[in-house]
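Written out below as structure tokens is the structure these notes cover.
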Amino acid sequence: MSDDIVLETRGLTKHYGGVHALNDANFTLKKGEHVAIMGDNGAGKSTFVRQITGVEQRTRGDIFFYGEPVSFGGPLDAREAGIETVFQTLALADDLDVPDNLFLGREKTKFDWLGPFRLLDYKAMRKATIDGLEKTAVKIPNIRNTIRNMSGGQRQCVAIARTATFHSRLTIMDEPTAALGVQETAQVENIVRTLKEAGEPLILVSHNMRQVFDLVDRIVVFRRGRICANLRKEDTDGQDVVAYITGAKTQEGYEDAA
Amino acid sequence: MADATQGTGGLTFDARKRAWPNELNIFFALILIIFAFEAAGQLLPYMKGQSFLFDTRDRFDSIFNEARLRIIILQVAIIGIIALGVTQVIISGGIDLSSGPLVGATAMIVMSFAQTELVNGGPNPKAVFGDWAFDLPLIIPLIVGLSFGAFIGAINGSLIAYTRIPPFIATLGMFLICRGIAQAWTRGQPVSFPTESYSLIGKGMMPVYLFIALAILFHFILKYTVYGKHTYAIGSNEDAARMSGINVKRHKVLVYMIASMLAAFAAIVLSSKNLTAQSGMGIFYELYAIAMAVIGGVSLTGGRGSIIGTVLGAMVFGVIQSGFTYIKLDAFYQLMAMGGIIIGAVVLDKVRQERAAMRS
């Protein structure tokens with residue numbers, strides 16, 4: 001296995017009882033690469049993401065993260081290993097402000113000998129937050145505002161800014177712009193470009209063809225729980241991808257998905 | 001398009017700007033209520049122009065009616081100590097109904113360890129234990145009381161966190177259990193005649209000083225420590241808190257333990273102030289404490305509220321109670337009016353929240 005592979009799955013399989021949600025998924029992601037996962041509803045995209053991030057336990061198969069075989073017991077393990085996920089349902093605390101949310105569960109503290117009553121280092125957290133926001137070009141004028149009072153785009157940006165603040169080793173976004181308006185989508189896409197420039201690897205689950213062709217290097221298509229195509233952006237176009245998604249075409253080497 | 005959103009566009013981040021604090025609204029409400037009673041004193045014919053708080057007949061060197069102020073603060077202080085704990089429980093998304101009976105049970109138990117041997121030259125007529133339990137150093141009843149509170153709180157918290165039964169049910173069960181303990185402890189007999197050192201805890205204005213000290217302590221803890229931040233986070237979005245690596249279960253146990261220890265401390269202060277403990281002590285206290293928190297802007301859905309709010313809520317509570325007596329409202333109607341005010345406070349908060357949600 002070469003050194004520049006961030007994530008590799010071999011024969012990754014997930015069955016929910018008799019339902020084969022994911023079958024034999026072989027997937028690789030290289031350093032600095034942005035890959036899109038596309039496919040119809042129920043094609044296995046989110047199932048695939050949930051196995052990698054430890055939200056669910058796989059039925060079979062192996063996952064390698066930077067060459068090491070991994071088996072995450074839960075999303076926390078994955079996060080500790082450096083996989084930062086932006087879920088469809090945002091995991092933000094509505095009544096807290098931006099720095100609080102970015103640092104939730106990993107606060108910067110002083111006087112650690114006080115145990116649960118150790119003091120929060122608000123100053124350091126605010127500074128790191130502003131650095132992170134500037135790095136990702138996220139526009140949130142007032143970081144002391146609670147999440148409750150923010151637009152959907154700003155919330156999404158806060159969730160994404162976490163990845164920049166903590167130097168994650170892999171970012172996974174599950175439909176980050178599904179619920180956003182045009183301008184907000186543009187803002188999120190800009191953040192993704194910033195991550196690309198910074199050389200941070202990314203897996204993007206998306207339905208939006210234009211967005212995918214704008215942002216990523218490679219497109220992996222899922223159909224009925226199997227990977228049915230692995231396309232470099234230069235070698236394909238929208239028509240082609242739709243043909244793979246709907247089942248009109250199947251790429252060589254993936255015939256068993258048909 | 002890319003240019004318009006590229007970079008922060010010269011936007012400067014403001015790390016200081018804050019929203020209008022809800023506590024100020026409650027403070028203004030408090031002022032308003034005081035003046036409403038003041039006006040009632042002037043307008044109601046049978047009041048003969050008496051003043052509510054600005055009566056200087058008793059003390060000419062002060063603009064306040066200090067006697068009434070003192071009564072208001074003293075009335076509020078002990079339930080206020082309970083409300084400090086209840087505030088934390090509600091912020092974490094729970095509720096604690098067991099604090100009132102816990103006051104009764106703790107008072108009975110603690111007083112049994114705080115009795116003095118000789119009463120008016122004769123043996124203590126209310127002795128619970130044998131000779132060994134007389135005239136123990138003050139630290140013993142304090143430790144016994146706080147440990148009992150911590151124990152009950154740990155059961156509450158563990159039930160809620162690990163068996164996932166609703167906090168309402170868990171603490172309702174504990175409500176009955178604690179009242180039962182209070183009654184069974186001496187089979188309904190009061191426990192009296194504490195040592196002199198014990199009687200100092202609740203003497204004079206001590207309850208007020210203790211309330212203020214604890215309020216400052218817990219204001220600081222909720223605002224500036226990890227414990228406080230996680231309490232808000234759990235009440236705000238429990239799943240997000242769990243995903244962020246917070247040990248939600250352990251934290252909940254800790255929150256309920258602290259709340260019950262505060263209630264137990266309130267029992268110590270109350271029994272010391274009254275120089276006796278009765279199994280019926282603390283009736284309705286749990287509801288009054290919840291009311292203080294709710295009037296103070298603590299949201300029953302969790303995630304929002306503050307100690308300052310609860311202290312102001314306690315003051316509103318005390319002023320209204322005292323005001324009703326002052327305008328000679330019949331005690332039977334007082335409860336009804338109090339209930340109406342609590343419902344009104346929650347409705348007002350709800351309306352305000354929905355307006356805020358509309359704006360954004």
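None of the figures in this text is laboratory data; all of them are computed from the coordinates on show. The model shown is predicted, which means the values in this text are computed figures rather than measured ones. Every residue, glycine among them, receives a Cβ derived from its backbone with ideal geometry; neighbour counts consider all protein chains shown.
Placing unit charges on the Cβ atoms only, positive for Lys and Arg and negative for Asp and Glu, gives region B:199-252 a dipole magnitude near 120 debye about its Cα centre.
Cα centroids of region B:126-178 and region A:108-177: 40 Å apart. Qualifying trypsin sites (Lys or Arg not before Pro) in region B:156-246, where qualification requires a DSSP coil assignment and no more than 10 other C-beta atoms within 10 Å, comprise B:R164, B:R187. Label-to-label distance, B:F332 versus B:V346, with points set 7 angstrom from Cα along the beta-carbon direction: 2.6 nm. Since only A:V35, A:S206, B:M358 are under comparison, the one whose Cα sits farthest along the positive direction of the charge dipole of the protein assembly as shown, derived from C-beta charges on Lys, Arg, Asp and Glu, is B:M358. D by Stokes-Einstein for the protein assembly as shown, Kirkwood Rh over Cα pairs, 20 °C, 1.002 mPa s: 77 µm²/s.
When restricted to Cα atoms, region B:34-160 yields an Rg and a Dmax of 22.0, 61 Å, respectively.
A Gaussian network model of chain B, with springs between Cα atoms under 10 Å, assigns the largest mean-square fluctuation among B:A40, B:A263, B:A114 to B:A40. Between the alpha-carbon centres of region B:74-102 and region A:188-234 there is a gap of 52 Å. Relative to the dominant Cα principal axis of chain B, helix B:331-359 is inclined by about 20°.
If contacts are Cα pairs under 8 angstrom and at least 6 residues apart, what is the relative contact order of chain A in percent? About 25 percent, as a whole number. Within the listed set B:I320, B:I165, B:I308, the Gaussian network model of chain B (springs between alpha-carbon atoms below 10 Å) gives the highest mean-square fluctuation for B:I165.
So what is the diffusion coefficient of chain A in µm² per second by Stokes-Einstein at 20 °C and 1.002 mPa s, using a Kirkwood Rh over Cα pairs? Taking Rh from Cα pairs, D becomes 112 µm²/s.
Helix B:307-326 and the longest principal axis of the Cα set of chain B meet at an angle near 60°. A Förster radius of 41 Å combined with the Cβ-Cβ distance from A:L76 to B:F28 puts the calculated FRET efficiency at roughly 0.40. Label reach from B:E196 (point 7 Å along Cα→C-beta): in region B:115-152, amide nitrogens under 16 Å belong to B:115-122, B:135-138.
What you get for region A:1-133, charging only the Cβ of Lys and Arg (+1) and of Asp and Glu (-1), is a dipole of about 80 debye around the Cα centre.
Taking every DSSP helix (H) stretch of at least 4 residues in chain A, weighting each as -39,500 (n - 2.57) and dividing the sum by the residue count yields a mean residue ellipticity at 222 nm of -9500 deg cm²/dmol. For region A:116-227, the Cβ-based charge dipole about the Cα centre amounts to some 320 debye (Lys, Arg positive; Asp, Glu negative; other atoms uncharged). P(r) tail, region A:96-216: Cα-Cα pairs separated by more than 24 Å, 29% of all pairs. Rounded to the nearest 10 degrees, what's the angle between the helix A:182-197 long axis and the longest principal axis of chain A, both from Cα atoms, 0 to 90? Value to nearest ten degrees: 90. Counting every other Cβ atom within 10 Å of each residue's Cβ, B:T225, A:T136, B:T106, B:T195 order from fewest to most as B:T195, B:T225, A:T136, B:T106. A viscosity of 0.890 mPa s and a temperature of 25 °C, combined with the Kirkwood radius over C-alpha pairs in the Stokes-Einstein formula, give region A:1-139 a diffusion coefficient of 139 µm²/s. Quick check on region B:62-353: take the gyration tensor over C-alpha atoms, sort the square-rooted eigenvalues as a ≥ b ≥ c, and tell me if it's rounded (a/c under 1.5), prolate or oblate. Oblate is the answer for region B:62-353, as a/c is 1.5 or above yet b/c matches or exceeds a/b.
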